[in-house]
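Step one of this worksheet: look at the structure below.
Read-outs throughout are calculated quantities, based only on the coordinates presented, and are distinct from any laboratory measurement. A quick note: this is a predicted structure, and the numbers were derived from the prediction, not measured. Virtual Cβ from ideal backbone geometry, glycine too; neighbours counted across all protein chains shown.
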Amino acid sequence: MGIEVKNQYDLFASRVNPLLSRVYAADIVNELTEKLFGLLLPSLQQGSREDLRKWDHDNILLITYGDSIQSQDGRPPLAVLAEFLETHLQDTVTGVHILPFFPYSSDDGFAIIDYTQVNPTLGDWSDIKRIAQSFNLMVDLVINHISSQHVWVKQFQAGEKPGRDYLIETDPEQDLTQVVRPRSSPLLTQLQTAQGPKYVWSTFSADQIDVNFANPDVLLEFVKIILLYVEAGARYLRLDAVGYLWKKLDTSCIHLAETHAIVRLLREILQMLDPSVAIITETNVPNRENLSYFGNRNEAHMIYNFSLPPLLLNALMQGKAEHLKTWMMSMPPAPIGCAYFNFTASHDGIGMRPAEGLLTPTEYTALVDTMRRFGGHVSMRSRPDGSESPYEINISLFDAMAGTVAGEDEWQIQRFLCSQTIMMSLEGIPAFYIHSLLATRNYQAGVEATGHNRTINRYKWDIDVLEAALADDTSPHAIVLKELGRLIRIRRRQRAFHPNATQYTLHPLNPALFAFWRQSMARDQSIFCIHNLSKYPQELQLSDLNLVNTDDWVDLISRDRVEYIDNAYTILQPYQSLWITNKVDSARDRTTPDPLIGNY
């Protein structure tokens, strides 16, 4: 080892060894460090500083499957998606989360057979790289489990290396009642092996077999996968189901210290590979547990804001801001270098665990019942005592906004647009599920065909049908995409919407109004975000806001001036939103330095 490489190794070891020592036995840490160094050496950026410019007010993400839009002419779905993005969303979104696009056996991609290949029914790596050239790419690292058809499982069954040591074999007589479950399926799956039947850990389903990170070779395997994804252009790595990664008997087997150490290790490795790449953890759990993945600003760069979807949905169903306000006031600002990942809909359902303890039992039940009336389904999970409780609501978000707890009404589009405007106003990075941007309805035929509740929000558009719908100015698909596109483009120009800009909850006397204040980090722009959560006109007393009377105030959405005089008020129409600012299009002003990261 030459002197230069030796110096690189010493620096690498000083950053990695302390983290490995939290997870693995002392006698293997040095050897493991050497193996990691050998893997990473060609790509290491030694001495790399943390990149605090990973995001700003301009970042907007789209969430989609690789085949959410298809063509009948034989083109690969990823190529069709790329063309749709370039045609319709090039000036709207800046990043794209393509849900698992690898060969898989179940769970619409989350039971991966081969992490290194693109599913040939979708396209190939050239299609992925094409999208990555125009948009910041998010790739799933399904880190907790693999498909039962993965080569490691086959090797386990045959007693061959390396797979024979990569799964978690467990005695079915072992007491596992403390284990927290996201599903009601059996925790253990029986596999037939050369040595007879064996039981292995399978947190999510019998087709999704958990891998054993207690074996350091498994860590090395996933680092190789990370290298591949970064080389392909990934700017975000989504750690799927990461909370369940480490298993320890007589514990809950969720959020264990070793799991947090692995997340911190992966962040440190990426810091040395490419400081611009961000880790996002997917932990659909109660709010306090979710927040723990920021660590001491040394774990996830971003965490999903899982409490937002059910609380926002409930607020619009009830027509009042009470619980949404209480939750928002309890949320700490994301640490610098970290951010919330805001969303209201995804390929999964609307998780109900993050709402536990935040809604009253009566409202919780009313929300579930209302979603069922609007065509939704409810997926259940098993509790340690053997009972079941709602895990998530499965419904198209557009159809979830068909009415309120009082029933369906004529305000569906306005209510839906209000929900999306709130989401993109909040502290964090907004992410729109493709079926929200397109106002896609419940896909009941898909649920009947697959037998899976989540299929209700996984419709696959034919590109010709979609283009025809978008060309019809009267269709909800065209109305929603056009208006959301307009709002997103306005938002992207406002520095007060930086993911780490100040957020302060306001307290108008009117309970139907949800209001908060955003201020740019340079403190030169303020935006007062006011939202009517009800289907009735509501009065806003401007004295409830702190409108400095030396500034001119304008609503960014309507472009109307806001005149502040004594006893002044304004009327918000049903589900109307206001973005009242003292500085329009602040992103055009590049002269004011950011106090935290310097000039743009």
Exercise. So, by mean Cβ neighbours within 10 angstrom, what's the order for 329-342, 421-434 with the highest one leading?
Worked result: 421-434, 329-342
Exercise. Under the classification rounded if a/c is under 1.5, otherwise prolate if a/b is larger than b/c and oblate if not, where does segment 179-323 fall, given a ≥ b ≥ c as square roots of the Cα gyration tensor eigenvalues?
Worked result: oblate
For this session: Please give the peptides 362-373, 189-200 ranked by average Cβ packing (other Cβ atoms within 10 Å per residue), highest first, as a rough proxy for protection.
Result: 362-373, 189-200
Exercise. Once phi is turned into θ = phi - 60°, what whole-Hz ³J(HN,Hα) does the Karplus curve with 6.51, -1.76 and 1.60 give for every residue of segment 79-93, x standing for Gly and Pro?
Worked result: 5, 5, 4, 4, 5, 5, 4, 5, 7, 10, 10, 4, 9, 10, 10
Seminar exercise, completed: Footprinting proxy, Thr64, Thr404, Thr121: sorted fewest to most Cβ within 10 Å, the residues are Thr121, Thr404, Thr64
Exercise. Sorted by average packing, counted as other Cβ atoms within 10 angstrom per residue and highest first, what order do 304-317, 479-492 take?
Worked result: 304-317, 479-492
Exercise. So, in nm, how far is label Ser21 from label Arg75 when the simple model puts each one 7 Å beyond its Cα toward the Cβ?
Worked result: 5.6
Problem set entry | Mean Cα-pair separation over length for segment 393-440, i.e. relative contact order, pairs under 8 Å, 6 or more apart, % | 38
Seminar exercise, completed: With the 8 Å Cα cutoff and a minimum separation of six or more residues, the chain has a relative contact order in percent of 12
Problem set entry | Helix-only mean residue ellipticity at 222 nm for the chain, each DSSP H run of n ≥ 4 adding -39500 (n - 2.57), per residue, nearest 500 | -9000 deg cm²/dmol
Exercise. Once phi is turned into θ = phi - 60°, what whole-Hz ³J(HN,Hα) does the Karplus curve with 6.51, -1.76 and 1.60 give for every residue of segment 138-151, x standing for Gly and Pro?
Worked result: 10, 10, 7, 9, 6, 9, 8, 8, 10, 5, 5, 9, 5, 4
Seminar exercise, completed: Between the modelled labels at Ala257 and Gln90 (7 Å from Cα along Cα→Cβ) the distance in nm is 5.3
Exercise. So if R0 is 60 Å, what FRET efficiency would Asp585 and Glu34 give, r being the distance between their Cβ atoms, rounded to the nearest 0.05?
Worked result: 0.70
Exercise. If you take the beta carbon distance between Ser184 and Asp552 as r and set R0 to 56 Å, what does 1/(1 + (r/R0)^6) give as a FRET efficiency, to the nearest 0.05?
Worked result: 0.45
Problem set entry | Label point distance in nm, Ser106-Asp409, each placed 7 Å from Cα along Cα→Cβ | 4.3
For this session: Express the relative contact order of segment 497-588 as a whole percentage, based on alpha carbon pairs under 8 Å and six or more residues apart in sequence.
Result: 29
Problem set entry | Cross-link table Lys482/Lys583; Lys161/Lys248; Lys154/Lys460, entries beyond 27 Å C-alpha to C-alpha | Lys154/Lys460
Problem set entry | Extension gain (nm, one decimal) between Tyr536 and Leu249, 0.36 nm per residue minus Cα-Cα | 97.9 nm
